[in-house]
Amino acid sequence: MSEATLPLAILKESEFYRQKIPIGFTRTCSCEDNHLNCMTAKEWIKCQLGVWQFSYEGRDIRDKKVHPATFPISLSRRIIELFTHKGELVVDPFVGSGTTLVAARDLDRNAVGFDLQESYIKLCAERLATEHLFNQSQQIAVCDDALHIPEYLEPQSVSLIWTSPPYANLLNRKRKNKSRRDRKNNQYMKIEQYSQDPRDLGTMELEGFTIALGDIFERLLPLLKPKAHCVINVPDMWWQNERITIHVSVIEELRARGYELRNTIIWDRTNIVNKIGIFGWPSNYITMGTTFEYLLDFWRPSAD
C-alpha cells in the first residue's frame, strides 16, 4: 500500500496494526536547514510571550458527552507551527477527539495519533474525512496503547510530540463543586472520564500515573530527531484541600527519562471559561486549573 492510500484509521484488524506506517517525515518546504519552523520573524515574535490565549472555532468539539477534555484547534496549530516544518511528522500519543490531527492537516504536516478508545479513533476519522486539496500530508488515527507506538514509526522520524494526556485521576470522580452546580449543564455529580480501562492513565493515582507516563515517553524518545520538541499540556489540581502538582511530577519524570525541559508556557484560559465559582473564600486562596494550564516544552538533547 502506498502513502497515497493509507487509511484514516488503523484498528486491530488493519494490515498496519503494529506494523511500520509508510508516512512522510521530511520537510517539503524550502526553509534554511537551521530554521526551527517555517515562520517569519513577525510570526515568531507573537510566540515569544510566555502566556498564551486561544479561542474556539466552529470545528472544535465542545460537547463533553463526545469527549470530556478537548482543547482548541488554535492551540494545536500554534504548537505545530512553532516546532515543525511542512511535511514533517507530528505524533500525539493520546489523540482523543483528533484535534492534533485536524490542526496538522490545516498546516500540511504529517501526523499520527494514538488512543485506546476505538470510538475516539472513529471520531478522528470522521473529522478527517473531508477532502483537503491543497497539501500532500497525511493524518492517521491508530487504536492502540501508546506503549506500542515504536512499532509503528521509525527511529528519529518524529519532529514533534504534542499531546494533552489524561490528568491522572482528575476526571475520575464526581463533579461536586459550586461552579458546576451554577452552570446547569448536566455535569454536576457526573464522572467525565475517558474510560475505566485499567491501562487508561486517567484511572491512576498520581504516582502510578507519573511512572506510566514516563514509561511511554521513554519509549518515544528514540523516535524524536535530536533537538526535536515534545510539548505536554497539563494542569495541577486540588484534592482534599491539597494542591496536586501534576506539572512538577511530569517535569521530574521526563527529565529522569532523558528529556530536557526548555520552556514552560502558561495557557491562560480565562477568555473561554464561563464561571469558576468562589473557591476557597473567605479563608483559603486557591488558583484554579480551570483558568490556566501548563504547556511543558521539552526536547531530545543533541547527541553532541
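Consider segment 264-304 and keep the residues that are of a type outside the set (Asp, Glu) and touching a His at 6+ places or on another chain (Cβ under 9 Å). The one that is farthest from residue 224 (Cα to Cα) is 294. Here is a check on your reading of the model: is residue 232 among the aliphatic types (A, V, I, L, M), in contact with a helix residue (DSSP H, G or I) (Cβ under 7 Å, 6 or more places away or on another chain), farther than 24 Å from residue 80 by Cα and touching a residue at least 12 places away in the same chain (Cβ under 8 Å)? When the stated conditions are applied, residue 232 does not pass them. Just one of the listed residues (42, 86) is assigned to a loop (DSSP other than H, G, I, E, B), without any contact (Cβ under 8 Å) to a residue 60 or more places away in the chain, at negative phi and surrounded by fewer than 22 Cβ atoms within 10 Å (Cβ to Cβ), namely 86. Cβ separations smaller than 7 Å between residues 6+ apart or across chains give the following pairs from segment 248-270 residues that are over 15 Å from residue 233 (Cα atoms) to residues that are surrounded by 14 or more Cβ atoms within 10 Å (Cβ to Cβ) and modelled with pLDDT under 95: 270/291. Of the candidates 261, 223, 295, the single residue that is buried (at least 20 other Cβ atoms within 10 Å of the Cβ) and under 20 Å from residue 49 (Cβ atoms) is 295. Within segment 25-39, if we keep just the residues that are over 25 Å from the mean Cα position of the chain (by Cα) and either under 22 Å from residue 134 (Cβ atoms) or among the aliphatic types (A, V, I, L, M) (or both), the residue that is surrounded by the fewest Cβ atoms within 10 Å (Cβ to Cβ) turns out to be 30. Here residue 148 meets each of (1) in a loop (DSSP other than H, G, I, E, B); (2) at pLDDT 80 or above; (3) of a type outside the set (D, E, K, R); (4) touching a Lys or Arg at 6+ places or on another chain (Cβ under 9 Å) with one exception, condition (1). Inspection of segment 124-142 finds a residue satisfying the criterion of being among the β-branched types (Val, Ile, Thr), surrounded by fewer than 24 Cβ atoms within 10 Å (Cβ to Cβ) and over 16 Å from the mean Cα position of the chain (by Cα). The criterion of at least 1 residues that are among the charged types (D, E, K, R) and modelled with pLDDT of 90 or more is met, among strands (runs of 3 or more DSSP E) falling completely within segment 214-304, by 224-234, 260-268, 292-299. Starting from residues that are of a type outside the set (D, E, K, R) and surrounded by fewer than 20 Cβ atoms within 10 Å (Cβ to Cβ), keep the ones in segment 197-211 and report whichever is modelled with the lowest pLDDT. Here the answer is 198. Mind checking which residues of segment 103-119 are over 12 Å from residue 8 (Cβ atoms) and surrounded by fewer than 24 Cβ atoms within 10 Å (Cβ to Cβ)? Listed by number, the residues that qualify are 106, 107, 108, 116, 117, 118, 119.
The values are calculated or read from the model by the stated rules, or taken from the named source; none is laboratory data. Keep in mind that this is a model prediction, so the values were computed, not measured. All Cβ positions, glycine included, derive from the backbone under ideal geometry; neighbour counts span all protein chains shown.
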